[in-house]
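One structure is given here, and the rest of the page talks about it.
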Amino acid sequence: MESSLTFLLLPVGFPGEVLVTLARRAREAMPFPSLWLASTDPLEPPIEAYSWERMQFDAEKVNEHIHSVLYDYVREGIRIIGVVDADGYIPGFNFVFGLASTALGVATVYTRRLKTGGNGLYMERLLKEVLHEAGHLLGLDHCSNRECVMSFSRSVEEVDRKAPLFCSSCKAKLVLKYGSRGQ
Ligand SMILES: [Zn+2]
Ligand SMILES: [Zn+2]
């Protein structure tokens, strides 16, 4: 059993100061000890992953790019969550709020559609989507509990409906796999 897990929040295409606060809140929401780092060194968005026609980033390509650029971190077992200040998609979907490539240990969250409210609301949504992708990186699937952070969101309204927390069932799965906080 792994005793501690490390996540790196990486700003893509913006300064990313908000990620410091986000990292602290994400750590507090995890049901086991984890370390959350916030990079202050933004990554340039990979232009080859951008669709000029759709004006969106191909999330799979962005994850692959982050994996190759930060491979030294990935190799150490650090899970990376890129926060991309743009819109994202995967083939077959109009857009995605985020995408986890579990085999790569990399996920991304796309901010464009989360910014329709005030700054406080934006931070709450961003926290939920970061926790959601972290859950995927830890092996969780989507949850049928609409209030659970692991429920699938088709719209920003559905993001607002869920809490920035794992439900007791998802929490139990994580604790079983990664140990409980304080052990
Ligand atoms: Zn998901
Ligand atoms: Zn759940």
Next item on the list: Would you check if residue 108 is surrounded by 15 or more Cβ atoms within 10 Å (Cβ to Cβ) and under 22 Å from residue 21 (Cα atoms)?
Entry: yes
Check: Could you count how many residues in region 157-168 are surrounded by fewer than 14 Cβ atoms within 10 Å (Cβ to Cβ) and under 19 Å from residue 137 (Cα atoms)?
Finding: 1
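Quick grid of which residues meet (1) under 17 Å from residue 28 (Cβ atoms); (2) surrounded by 14 or more Cβ atoms within 10 Å (Cβ to Cβ); (3) within 15 Å of ligand 1 (Cβ to nearest atom):
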{"site": "116", "(1), (2), (3)": "no, no, no"}
{"site": "131", "(1), (2), (3)": "yes, yes, yes"}
{"site": "136", "(1), (2), (3)": "no, yes, yes"}
{"site": "140", "(1), (2), (3)": "no, yes, yes"}
{"site": "151", "(1), (2), (3)": "no, yes, yes"}
Item checked: Members of region 133-156 found to be outside any loop (DSSP other than H, G, I, E, B) and more than 10 Å from ligand 2 (Cβ to nearest atom), listed by number -> 133, 134, 136, 137, 156
Notebook entry, point to check: Under 7 Å by Cβ, and 6 or more places apart or on different chains, what pairs join a residue from region 120-133 that is among the basic types (Lys, Arg) and modelled with pLDDT of 95 or more with one that is part of a helix (DSSP H, G or I) and within 12 Å of ligand 1 (Cβ to nearest atom)?
Noted result: 125/159; 128/159
Checklist line | region 104-122: number of residues that are part of a loop (DSSP other than H, G, I, E, B) and among the small types (Gly, Ala, Ser) | finding: 3
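The values are calculated or read from the model by the stated rules, or taken from the named source; none is laboratory data. Owing to the predicted nature of the structure, the values given are computational and were not obtained by experimental measurement. Virtual Cβ from ideal backbone geometry, glycine too; neighbours counted across all protein chains shown.
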